[in-house]
1. State all residues of region 1-16 that are among the aliphatic types (A, V, I, L, M) and without any contact (Cβ under 8 Å) to a residue 60 or more places away in the chain; if no residue qualifies, say none.
2. Within region 69-102, how many residues turn out to be touching a Leu at 6+ places or on another chain (Cβ under 9 Å) and farther than 22 Å from Val5 by Cα?
3. Exactly one condition in (1) outside any helix (DSSP H, G or I); (2) surrounded by fewer than 20 Cβ atoms within 10 Å (Cβ to Cβ) is not met by Leu48; state its number.
Amino acid sequence: MSNDVLFDLAFAFAAPFWALLILAPGWRWTDRIAASPLPMVPVIAVYLALAVPVFPQLSAAVSHPDLAGFQELLRLDGGAGAIWAQVIAWDLFLGQWMYREARALRISPLAMGPLLVLTVLLSPIGVLLFLGVRAAVRLRERRASHGHDGTHRRPSTP
């Protein structure tokens with residue numbers, strides 16, 4: 001299989017799972033899939049197919065990282081493809097975590113959909129925004145369980 005095909009397969013394998021997280025939140029199969037590491041396995045297989053042939057260059061780039069080493073790795077079809085597949089797998093992992101966190105915190109799927117789309121496209125920005133939303137939700141929950149002045153509300157006694 002060519003490096004071009006493998007490169008394309010990396011996202012093609014992840015896309016259906018992203019679609020579930022974004023378009024079918026709360027469906028019991030989406031919840032099960034989001035809790036499983038299995039969606040990443042095909043993408044990791046693509047990574048391995050691309051990384052093994054360029055392993056010496058990949059190993060050199062990550063064991064002694066410098067810009068020139070990564071630029072050399074990215075000039076190789078398999079090197080660029082391997083990095084792409086690694087990014088796709090990592091982004092999917094982050095998306096699954098964000099989905100589960102949002103479900104646990106009861107963050108609206110209408111708020112999460114755009115954050116997940118942004119994470120697919122530009123994961124650092126999507127994750128950073130999600131962390132902000134998550135912190136705001138947690139703060140709101142803490143304030144709801146305590147008085148606005150920070151004191152814990154006690155039930156009134158007759």
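1. Start the filter on region 1-16 by keeping residues that are among the aliphatic types (A, V, I, L, M), which leaves 1, 5-6, 9-10, 12, 14-15.
Those that are among the aliphatic types (A, V, I, L, M) and without any contact (Cβ under 8 Å) to a residue 60 or more places away in the chain: Met1, Val5, Leu9, Ala12, Ala15.
2. Going through region 69-102 one residue at a time, the tally reaches 5.
3. Result: Leu48 fails condition (1) only.
A short reminder: the numbers here are calculations on the coordinates, not readings from a lab. Note that the coordinates shown come from a computational prediction; the quantities given were computed from them, not determined experimentally. Note: ideal-geometry Cβ built from the backbone for every residue, glycine included; neighbour counts use all protein chains shown.
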